[in-house]
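The values are calculated or read from the model by the stated rules, or taken from the named source; none is laboratory data. The shown structure was predicted, so the numbers you read here are calculated from the model rather than taken from an experiment. Glycine gets a Cβ as well: all are built from the backbone with ideal geometry, and neighbour counts include every protein chain shown. Surface areas here come from the heavy atoms of the whole protein model, side chains and all, with no ligands, DNA or RNA. Shrake-Rupley method; radii C 1.70, N 1.55, O 1.52, S 1.80 Å.
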Amino acid sequence: MSIATKRGDTGTTGLPGGVRVSKTDPRVECYGTIDELISQMGFARSISHNKEVHDLTKEIQRELFKVGSAIGTTPESRKPAPAITEEMVDTLTAHVHRIEAMPGILGDWSLPGETPESAAMDIARTICRRAERLAVRLHEDGKLQNPLILSYLNRLSDVLWLLGRQLELDAGVNAALRPAENRGNRWSRAW
């Protein structure tokens, strides 16, 4: 069986459970961004020299397949959406606290690009934030069945930011913006 089914040649795609929609559907945009995030995290993992970061990234990539499927599953689907649970969010929160407690970890805004590994994580973080914005839009439109997806993506972006800082710490790099560079900066890693 070929992956070239030709069913999408007219601009439609199948959601989980057999529902067909336009490839421009907001659900497709959101879970497509999750797919992009999974791939970027795979790149970050492939260049990471830290086994703990490597293994955690792979674990989260696997969870993100469930998140993407949950986003794509409509109420009309023949199959239920995979469960995105409070425990999944709590696990990410525990990783946030664990990494924040590392001696020397940066706790303020940083300039991306100090190492290839941390830069790859920072790109993953920005993709995660885009997926989160798209999921918020689905939620506001009443099309996101499980609001824990929003919490999951929000917490994941924190984890990805911290993993970037952990990789910089491993490399002996301080990517903190100097106070003069940070003055007037209204951005925050927690937006």
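List of remarks:
- Of Ile60, Ala101, Gly72, farthest towards positive along the dipole that unit charges on Lys, Arg, Asp, Glu beta carbons give the chain: Gly72
- Springs between Cα atoms under 10 Å define the GNM used for the chain, and in it the highest mean-square fluctuation of Gly172, Gly17, Gly164 occurs at Gly172.
- Using a simple spin-label model with pseudo-atoms 7 Å out from Cα toward Cβ, Thr12 and Ser77 lie 1.9 nm apart.
- Taken per residue, the accessible surface of the chain reaches 54 Å², heavy atoms only and a 1.4 Å probe.
- On the beta carbon distance between Trp109 and Thr85, with R0 = 45 Å, the FRET formula returns roughly 0.90.
- Tilt relative to the chain, helix 116-140 - C-alpha long axis, 0 to 90 degrees, to 10: 40
- Spacing of the two label points (7 Å from each Cα toward its C-beta) at Ile3 and His49, in nm: 3.2
- Set against the labelled values (1) 11.6; (2) 13.3; (3) 12.6, mean projected area of the Cα convex hull in nm² computed from this structure falls on (3).
- Residues of type lysines that Lys58 reaches as a straight line, Cα spacing below 21 Å, ignoring anything fewer than 8 places off in the same chain: Lys66
- Mean separation of Cα pairs under 8 Å and 6 or more residues apart, divided by the residue count, gives the stretch 1-129 a relative contact order of 30 percent.
- Between Lys58 and Val96, the FRET efficiency from the beta-carbon distance, with R0 = 25 Å, is close to 0.85.
- Across the cross-link table entries Lys6/Lys79; Lys23/Lys79; Lys23/Lys51; Lys51/Lys143; Lys51/Lys79, which are compared at the Cα atoms, the separations over 29 Å belong to Lys23/Lys51; Lys51/Lys143; Lys51/Lys79.
- Rounded to 10°, Cα long-axis angle of helix 26-47 versus longest principal axis of the chain: 40
- Between Asp35 and Lys143, the modelled label-to-label distance comes to 1.6 nm, taking each label 7 Å out from Cα in the direction of the beta carbon.
- Axis of helix 86-100 versus longest Cα principal axis of the chain: the two differ by about 20°, to the nearest ten degrees.
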